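I have placed the structure first, in the form of structure tokens, so that the comments after it can refer back to it.
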Amino acid sequence: MNYVITNLSKIGLAIFIGLLLCLGPEASAKKPRLTKAQSKQRRILKDLKSGAELKEFNRAINHATNIGAYLVADSLIDRSRPILRRTDDSLQYYEHLRLKARLYTILNRYPEALDYFKQSLLYYQGVGRWQEEGQVAVNLVEFYRSSGLFKEGIDEAKYLINHPSFEDLSSGVKATVYHRLAAIMNEGPHNLDSVIILSEKSLSYSEPDSILGAMGTSYLEVGYAYAQKKESRAVFYFQKAFAVFKEQGRVHYMCNALLHIASYLMRVENNQQALSYIDSAISMAKPYYLPGFYPVALEKKAKLYNRLGRHAEAYYYRDSAAVLFRDDALRRFTDKLAIQSRRFQTEISESRLKALESERNQVLEESRNQSLIQKVIFSSLILSVILFVGLYYFFSRLKRSRDNLEISEKALHGANQELINTLDEKDGLIEEVHHRVKNNLQLITSLIKVQQFQQKDNMSEQSQQVVGDILSRVSAMAVVHEKLYSQENVSQLQAKEYFSELISELKTIGGLNTQRIKIEIEASNVALEASDGIALGMICTELVANSLKYAFDEVEKPLINIAIEKISEGDSNRVFFTYRDNGNGFREGSEMGMGNRLIILFSRQLEGEYQFETEGRFYFNLNYLED
């Protein structure tokens, strides 16, 4: 019944406005030509069949709303109700509610619009659809502006703009929220400078992507701000807005642009031209039902006739505007009151049912518990006694445990401090040992070098070579102890640094002839145990010494490559040591000397597996498990 009355009221209001405009003194009987957008809308309506999907209806409703065919959009909503009841597409369902709420905002059916906005907004928030949530929020800002709730509209717009994910929204949504906020500033606080800034911000999003709807409304807001300042450039922005809306075929907005131009002309006392713009707007709006447009247009026309001295006509249009204002206000009040009344009755009914249910449950609970009261009291007394005794015993044990714990902590602290002192003393002694060993090895090296220098003339070449080998071996051990002495961790050596210093020391002992030899060391982030490092250092020393002596007699670019790698193997680590040069390898018939025996000896000391290759080159490989 309410549905039939609502449709009849809409039809009656449309007939009343049509008769009013046709009987007015300035009425025109000529029917305006359809725009491209209107023709397209007619085709969409014609193509909609009984089996059309909800998505197609939503597209048609949105199109009809955009071009100002609000009654057509409302009829489409009525036609889509059977589809809406049986659809299982949640996104299209709540998109339909949003489009319906947007249309009802334009038709001043605010209570229904607010209800649909809330439903769609809660759904999109629940499923995490941020783009759709932003679109609903933008429509909600327009709802607050249209209903005069400016503070709520400003709060909603600021919430959206200040949201951390605001930049993830589409350019259209971002542009729209800024010009909706500008519209509220124009109608509410009248902060004209803020209106211009917000509109320019909106245009920064809409113009690069040619979002015509947002561009046109931003031009309207900028023009309205300049019009209130009585600046002539207001007309320029109104005309730009009119051109954009004409391209879209949005008649309602085109009529509003003409009314804004007329308002500006009235401000600057150009009454005759203002009247022509109002007549053009009314003539353009005749075929349409445009809520809110006719009262404003007729009121402005009455003011102009009054200024021009045509008082009878002014009274006629003033009364017509008053009737329309009154009918709109009464209808909005009646709709809102009816909806609020239904909600109130529903809430009261639910509240009473809950109260009765609660009372019934309370009576049942009391009847069940009455028989258990004495048992509960007696059991509570027994439990209280047991609890008291248990607590006394517990706290007594807790106090004794706390005292024992304090004594243990003191003893543990003393033992820990003693252990720390012992460890510090041990670390100091170890550092001192390494320091002294290094000094003693350097002293031995110096004594050998002095003795070698003094006996240089009396020594054979073989003797000098033996002395050089001894110096190399002593230097290798000295480098190990020097590294251990100079670092905090005395149990490990960094392979890269250790072998680099060892090679530098061997080059120094070898003299100028070793400077042309290129030595590569590959050992990034490999740490060696100190004992293993000494053995590997001695092996490396003997290998380098052999290469320097025998490998590079006929090689133009001598090269030595040393690689150390550590790979996890179960609970242990396996170390791979590889040495190669590009020399000529061993000569045929050469015997194993002292250096090779030392290499084998230290390899066995590490319990490793080793391999020599000497044909055409020299290659040595050793791998062992760390302890």
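The values are calculated or read from the model by the stated rules, or taken from the named source; none is laboratory data. For clarity, every value in this text was computed on a predicted model and none was experimentally measured. As a convention, Cβ positions derive from the backbone with ideal geometry for all residues, glycine included, and neighbour counts pool all protein chains shown. When the accessible area is computed, the model is the full protein with side chains, heavy atoms only, and any ligands, DNA or RNA have been set aside. Shrake-Rupley method; radii C 1.70, N 1.55, O 1.52, S 1.80 Å.
Pick out the one residue from Ile197, Ile261 that is open to solvent by less than 20 Å² (accessible area, probe 1.4 Å) and in a helix (DSSP H, G or I).
Being open to solvent by less than 20 Å² (accessible area, probe 1.4 Å) and in a helix (DSSP H, G or I) holds for just one of Ile197, Ile261, which is Ile261.
Does Ile278 fit the bill of being hydrophobic (A, V, I, L, M, F, W, C) and buried (at least 24 other Cβ atoms within 10 Å of the Cβ)?
Yes: the conditions hold for Ile278.
Among Tyr289, Tyr317, which is among the hydroxyl-bearing types (Ser, Thr, Tyr), surrounded by 21 or more Cβ atoms within 10 Å (Cβ to Cβ) and within 52 Å of the chain's Cα centre (by Cα)?
Answer to the selection: Tyr289.
Quick one: which of Arg98, Arg145, Arg85, Arg102 is assigned to a helix (DSSP H, G or I) and open to solvent by 60 Å² or more (accessible area, probe 1.4 Å)?
Only one candidate qualifies: Arg85.
Check Thr87 against each of (1) closer than 22 Å to Phe143 by Cα; (2) touching a His at 6+ places or on another chain (Cβ under 9 Å) and name the one condition it does not meet.
(1)
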